[in-house]
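Report on one structure; see the data block that follows.
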Amino acid sequence: MLSSLIKEALAVKNGILLDLESGLVPFQIETDSLQLVIILHLGKVPSNDVGNIICEILGLLEPIPGWSICHVSRKGNTAVHSLAKLGGSSDSVRFWLNVCPPCMENCILSDALA
């Protein structure tokens, strides 16, 4: 079973790849994993299971000017948390660009008002 840090690192890596493919640079990465934020800010690759993913993330970010990463509490990011749960229950890849998934409208409104 994958650790929550590995799952979060994979999500960040895939988000970066999607942003690059879509031409959405510079960008801000938001995650509820404070540990991942600290690791990426320090730029030091740990010698554990997540190290290879961190190395890939840092390699993707190196040529991108203006990127940033910040910690967002899970409470302040319920929409993303709900989408992660939705994605975890599916075998297929899902993403929405410039549209709001109908099942997420209330969560997004709640986050916007928080």
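The values are calculated or read from the model by the stated rules, or taken from the named source; none is laboratory data. It should be emphasised that the depicted structure is a prediction, and the values quoted were computed from it without experimental measurement. Cβ placement follows ideal geometry from the backbone for every residue including glycine, while neighbour counts extend to all protein chains displayed.
Criterion applied to Val37, Val80, Val50 was being of a type in the set (Val, Ile, Thr) and not assigned by TED's automatic domain parsing to the domain that holds Ala9, and the one residue passing it is Val80.
If the requirement is being of a type outside the set (D, E, K, R), outside any loop (DSSP other than H, G, I, E, B) and modelled with pLDDT under 90, which of these qualifies: Val37, Val80? Exactly one residue qualifies, and that residue is Val80. Looking at the range 67-75, is at least one residue assigned to a loop (DSSP other than H, G, I, E, B), surrounded by fewer than 10 Cβ atoms within 10 Å (Cβ to Cβ) and touching a Pro at 6+ places or on another chain (Cβ under 6 Å)? Checked the range 67-75: no residue is assigned to a loop (DSSP other than H, G, I, E, B), surrounded by fewer than 10 Cβ atoms within 10 Å (Cβ to Cβ) and touching a Pro at 6+ places or on another chain (Cβ under 6 Å).
Please verify whether the range 17-26 includes one or more residues that are in a strand (DSSP E or B), surrounded by fewer than 17 Cβ atoms within 10 Å (Cβ to Cβ) and not assigned by TED's automatic domain parsing to the domain that holds Asn98.
So in the range 17-26, the residues in a strand (DSSP E or B) come out as none.
No, the conditions are met nowhere in the range 17-26.
Of the residues making up the range 1-16, just one is part of a loop (DSSP other than H, G, I, E, B) and touching a residue at least 12 places away in the same chain (Cβ under 8 Å), namely Ser3.
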